[in-house]
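The values are calculated or read from the model by the stated rules, or taken from the named source; none is laboratory data. Values in this document were obtained by computation on a predicted structure and should not be read as measured data. We place every Cβ from the backbone using ideal geometry, glycine too, and count neighbours over all the protein chains shown. We work out accessible area using only protein heavy atoms, side chains counted, and drop any ligands, DNA or RNA first. Shrake-Rupley method; radii C 1.70, N 1.55, O 1.52, S 1.80 Å.
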4 protein chains.
Amino acid sequence: MKKLIFALAGGDRRQLAAAEALREDGHVVLLCCLEKLEPEQTGLKKALGAADCVLLPLPALDREGGLNAPFSAQKVSAGELLDALRPGTALLGGRLTPRFRAMAAARWLTAVDYYEREELQITNAALTAEGALHLAMEETETSLLGARCLVIGYGRIGRLLAGRLRALGAEVTASARRPEDLAWIRAEGLRPAETGRLENCLPGQELVFNTVPAPVLGEERLRLLPPDALCIDLASAPGGVDAEAARRLGLRSIRALGLPGETAPKSAGLAVKETVCRILTEQGVL
Amino acid sequence: MKKLIFALAGGDRRQLAAAEALREDGHVVLLCCLEKLEPEQTGLKKALGAADCVLLPLPALDREGGLNAPFSAQKVSAGELLDALRPGTALLGGRLTPRFRAMAAARWLTAVDYYEREELQITNAALTAEGALHLAMEETETSLLGARCLVIGYGRIGRLLAGRLRALGAEVTASARRPEDLAWIRAEGLRPAETGRLENCLPGQELVFNTVPAPVLGEERLRLLPPDALCIDLASAPGGVDAEAARRLGLRSIRALGLPGETAPKSAGLAVKETVCRILTEQGVL
Amino acid sequence: MKKLIFALAGGDRRQLAAAEALREDGHVVLLCCLEKLEPEQTGLKKALGAADCVLLPLPALDREGGLNAPFSAQKVSAGELLDALRPGTALLGGRLTPRFRAMAAARWLTAVDYYEREELQITNAALTAEGALHLAMEETETSLLGARCLVIGYGRIGRLLAGRLRALGAEVTASARRPEDLAWIRAEGLRPAETGRLENCLPGQELVFNTVPAPVLGEERLRLLPPDALCIDLASAPGGVDAEAARRLGLRSIRALGLPGETAPKSAGLAVKETVCRILTEQGVL
Amino acid sequence: MKKLIFALAGGDRRQLAAAEALREDGHVVLLCCLEKLEPEQTGLKKALGAADCVLLPLPALDREGGLNAPFSAQKVSAGELLDALRPGTALLGGRLTPRFRAMAAARWLTAVDYYEREELQITNAALTAEGALHLAMEETETSLLGARCLVIGYGRIGRLLAGRLRALGAEVTASARRPEDLAWIRAEGLRPAETGRLENCLPGQELVFNTVPAPVLGEERLRLLPPDALCIDLASAPGGVDAEAARRLGLRSIRALGLPGETAPKSAGLAVKETVCRILTEQGVL
């Protein structure tokens, strides 16, 4: 394996974990825009200019389209960032926008979105499922053992979460819309429900985990939950729980985004690093 | 729900189970070409001519392209079968051949292959996984508890089987080729191996379950297994274990096809019935 | 470790497995009264007279109190057996009777019952649990996946069986009498029932496994089961299912004794061998 | 069921949960010495004097032998408490001391220790196991998925914890001293280790959970752990991890006592309530 110079810009503890793992492989790693977590930093321009590979966080960009750098006082625009790179630098980031890709292309740079790799999304789903257990334990005064739980949606996260809940002794119902997902739910020995007909199984649920990014829990359905139920919305934007309605009804509802970065940043950063190295190997860079 | 006349021709115990379930729903069911299992039969022409819906078994056809009817003394060709149907009869069967479809089309009949439905394949995979446990218990003098097991391939069957083996206390390694399947294996907490590099994990395995329909276990690899290992090949044709080589090496190797029909015919037949009813409902027949 | 001469008399495949394992440890093993399984035998008197340690099967004695030797044409009385031993020979067997012990004592021999060791009973319970799954798969045309199962009694076998059933996707209720066992059932995330009040949970059960050696399933309760339910009675004598009543009601009921010896003789024999070696080590013989 | 007057004195959120559950059963519940959690209180003397049954927390007494009331500004001695009770009042508490029992007896009162009930200890063990998962998630930046974990001791907590860790995808080794517990570990399909010979399995462990109340992890053994390992000591006094040595070695070690009261107070309080009601029913009070 070749030894490269990596610049890691912005992000959170996951970037630190990725940096550590890259160093263990023998690479040189320069960090920037992470100064609140790790004092040893390199100036942005110097780091990006020296790098064979630039690794941006997940997500790479903040709401304004600049570098996502919550642990830095610096504000770096996409243009500044891209201008600092040498031609031929490998550029990778998570959840890149079309605008960012276009800006990179205009500078003859190809930006690769590592989060498009299914293996990373699966690992992330597993970390999210575990993080959701963590959050549920944190936010309730009851045990998961014996708790009546509903998992809405049986995609990656739903599947990994439902199995874990049952293993901890919860009474789990998993819902899905497509016949094949309902078949998976039955094949795993879980109690199935149709997402379109949740009305029958909402009463009595103590914990509801939503993984569907579409309005599945509106006011009418929320009304069917017991008053001390807790909703945890794991779905990416726009989410699936009507938080406004929940508030009106006095129901607790938590929107949990980016759980792996919060509850298991080291494992999450390692997963990014592994996917990035696989991409670089496939492209002959590593 | 409308009450229909079903004709079920050929097949095995699964057809009987489907018949029973259809009768419980209030339909009239005529059986034919199943006389060795169930004496109460209707003549083929009479049954097919009277039916609103004709249900053929899984697979629908035998090697010669005629009706698959192992529990009947009758030989029914595809032509005879199709000629007996009235126009407009709903015709469903499992694993239909292009030739059969063409013959049906030539008679203005549309044959639907219920086995193309993913939900049925998933349920079948779950029944196959359980049947594989059954077979392994049957064929060994040791317990699955503590047994070193390798599951090759992490598709539907592989996934459902690997989880069950581990739950029974086996030491399970699951192999896959694609990075995303390897990520799934890790996400489920199983030990991963790359199908392309099985050499390292074959020594010491007591039970090998193959689910990959491609030559993954040839002579060289089989040689690495302990002499009392058992290979169970669950993959559809052409299978993945070189049975000839296994015999030369004195290794036990079993080709297990159509397990659900053997080990859980009632559940398998019920699954067919449910998928068929879903198809008929979608098509407005039911 | 010292190398000893073992004589293994009577028994079944478990004795063969124990013999093989003892030989792998470097001991000399003489087999007798097993000629229908293994032609290479030593005469009873010669074998017993030469042995440092005599290993009798589990159970050691048949109904008439002689050597339990189902795979032999020979009939050996307890007296003949004991008279053939030299003084000082280590004598071990499973489920020894007071009468046999007394006869041994009268000859200045101490007989040790290896089945009194709890670790062997636990391993046996695990093998019995797996054997019960095997039997249930064998005897039903439906899958365990989705089957409604009742496990009566939450001792060693009940606990190990209930967990395995659930892991295979069955809907499991476990019953117990003592509050602490009911607490265990809940702690493992299973549905609890009181053995004294089974009436409520019997209707609808497809599979009933009894592990309680007392009359828990009499006619009145059996009547509550669906007609196609299967009872598997795993309890030692006198069992807990009224087989007569089951027959009258047309219910299928199977008395399964000595399952490990049938379904996993190799693992069961190995477990005996390990316990025996532990005993001999503790006594300074090995 | 009779409707009684309960006085609940001292304790934490668990007492609130018990109070709520008792009220749901229709009893009158007076709370005292809990004013920091629940403003609605009755004066101690009035409450105790009016009660048919007095329920003290778990543990009932603080280090000085007075009422354990961390959420109260009041200091109540055992004498004051007992003097306020009418003769014939049912008095229950958790982990009573011989001194307290003697003091009660001197006033013709019989104090019952509900924590001596095995069913409560089992439920508490299940809540402790779940709380230990919670704590481990809280205190690490890595996931339990894939983590190498060692559980020392295979009593109630060890067993329930080891199973849950494995279900979350950790690589679990469980250790025990007695052959029967090692047999249980194998019967559950876990990797066994002897507590007396942990040296071989300590290197590489990322998480160590101790449940043995005896010095099992002294300096020499702690040295074998990787520097970023985390030890969670769940054993009751005196614990089993040498915290001093851990500090010297720079290892993180957490002593976790009374986990259920912290992580699942509602479930823990409910379990106390159920055991107390069972005791009162047995004694004819309820």
Those residues of segment C:44-67 which are within 19 Å of the chain's Cα centre (by Cα) and aliphatic (A, V, I, L, M), in sequence order: C:LEU55, C:LEU56, C:LEU58, C:ALA60, C:LEU61, C:LEU67
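Give me the residue from segment C:14-37 that is acidic (Asp, Glu) and within 14 Å of chain B (Cβ to nearest Cβ) and, out of that set, nearest to C:GLY258 (Cα to Cα).
Of the residues in segment C:14-37, the ones acidic (Asp, Glu) are C:20, C:24-25, C:35.
Keeping just the survivors that are within 14 Å of chain B (Cβ to nearest Cβ) gives C:20, C:24.
Details: C:GLU20: 21, C:GLU24: 26 Å.
Checking each candidate, the answer is C:GLU20.
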Where D:ARG255 falls short, out of the listed (1) out of contact with any Asp or Glu (no Cβ under 6 Å at 6 or more places or on another chain); (2) open to solvent by 30 Å² or more (accessible area, probe 1.4 Å); (3) basic (Lys, Arg): (1)
Among (1) modelled with pLDDT of 95 or more; (2) over 14 Å from C:ALA111 (Cα atoms), the one test that C:THR42 misses: (1)
Some residue of segment C:2-13 being under 30 Å from C:THR263 (Cβ atoms) and surrounded by fewer than 18 Cβ atoms within 10 Å (Cβ to Cβ): no
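Wholly within segment A:142-244, which helices (runs of 4 or more DSSP H) include no fewer than the required count, namely at least 2 residues that are among the polar types (S, T, N, Q), touching a residue at least 60 places away in the same chain (Cβ under 8 Å) and within 23 Å of C:SER143 (Cβ to Cβ)?
By residue number, no helices (runs of 4 or more DSSP H) qualify.
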Residue selected from segment D:145-156 under the condition touching a Lys or Arg at 6+ places or on another chain (Cβ under 9 Å) and farther than 22 Å from C:LEU190 by Cβ, by the criterion surrounded by the fewest Cβ atoms within 10 Å (Cβ to Cβ): D:GLY146
When residues of segment A:31-67 are limited to those that are touching a Cys at 6+ places or on another chain (Cβ under 9 Å) and closer than 21 Å to A:PRO265 by Cα, the one surrounded by the fewest Cβ atoms within 10 Å (Cβ to Cβ): A:GLN41
Tally, over segment D:11-34, of residues that are of a type in the set (Asp, Glu) and either under 19 Å from D:LEU61 (Cβ atoms) or at pLDDT below 95 (or both): 1
Condition met for B:GLY155 (out of contact with any Pro (no Cβ under 9 Å at 6 or more places or on another chain), within 14 Å of chain A (Cβ to nearest Cβ) and not hydroxyl-bearing (Ser, Thr, Tyr)): yes
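Table: residues versus (1) of a type in the set (Lys, Arg); (2) under 26 Å from the mean Cα position of the chain (by Cα); (3) farther than 30 Å from B:ARG148 by Cβ.
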| site | (1), (2), (3) |
| --- | --- |
| D:GLU188 | no, yes, no |
| D:PRO213 | no, yes, yes |
| D:GLU220 | no, no, yes |
| D:ALA237 | no, yes, yes |
| D:PRO260 | no, yes, yes |
| D:LYS266 | yes, yes, yes |
| D:GLU274 | no, yes, yes |
Residues within segment D:157-171 that are under 20 Å from C:ARG164 (Cβ atoms) and either acidic (Asp, Glu) or open to solvent by 20 Å² or more (accessible area, probe 1.4 Å) (or both), tallied: 4
Subset of segment A:75-106 [crowded, with 17+ Cβ neighbours inside 10 Å and in a loop (DSSP other than H, G, I, E, B)]: A:VAL76, A:ALA84, A:LEU85, A:THR89, A:GLY94, A:ARG95, A:LEU96
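Just to be sure I understand, how many residues within segment A:32-58 are in contact (Cβ under 8 Å) with a residue 24 or more places away in the chain and touching a strand residue (DSSP E or B) at 6+ places or on another chain (Cβ under 8 Å)?
Restricting attention to segment A:32-58, the residues satisfying the condition of being in contact (Cβ under 8 Å) with a residue 24 or more places away in the chain are A:32-37, A:42, A:44-45, A:47-58.
Subset that is touching a strand residue (DSSP E or B) at 6+ places or on another chain (Cβ under 8 Å): A:32-34, A:42, A:44, A:47-48, A:50-58.
Count: 16.
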Of all residues making up segment C:258-273, the number that are surrounded by 23 or more Cβ atoms within 10 Å (Cβ to Cβ) and either among the aliphatic types (A, V, I, L, M) or farther than 12 Å from C:GLY11 by Cα (or both): 8
Members of segment B:91-146 that are farther than 20 Å from B:LEU8 by Cβ, within 14 Å of chain A (Cβ to nearest Cβ) and of a type in the set (Val, Ile, Thr): B:ILE122, B:THR128
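Given the condition more than 14 Å from chain D (Cβ to nearest Cβ) and modelled with pLDDT of 95 or more, answer yes or no: does some residue in segment B:161-171 qualify?
Step one: list which residues in segment B:161-171 are more than 14 Å from chain D (Cβ to nearest Cβ), which gives B:161.
Now drop any that are not modelled with pLDDT of 95 or more, which leaves B:161.
Taking every residue of segment B:161-171 in turn, at least one turns out to be more than 14 Å from chain D (Cβ to nearest Cβ) and modelled with pLDDT of 95 or more.
Per-residue answers, yes or no, for (1) over 21 Å from C:ALA132 (Cα atoms); (2) open to solvent by less than 20 Å² (accessible area, probe 1.4 Å); (3) more than 14 Å from chain A (Cβ to nearest Cβ); (4) not hydroxyl-bearing (Ser, Thr, Tyr):
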| site | (1), (2), (3), (4) |
| --- | --- |
| C:THR173 | no, yes, no, no |
| C:LEU182 | yes, yes, no, yes |
| C:ILE185 | no, yes, no, yes |
| C:GLU188 | no, no, no, yes |
| C:PRO192 | no, no, no, yes |
| C:LEU202 | no, yes, yes, yes |
| C:GLU206 | no, no, yes, yes |
Counted residues, segment C:125-144 - those being open to solvent by less than 10 Å² (accessible area, probe 1.4 Å), under 14 Å from the mean Cα position of the chain (by Cα) and within 14 Å of C:ASP233 (Cβ to Cβ): 2
Unmet requirement for C:GLY88, which otherwise passes all of (1) more than 16 Å from C:LEU4 (Cα to Cα); (2) small (Gly, Ala, Ser); (3) modelled with pLDDT under 95: (1)
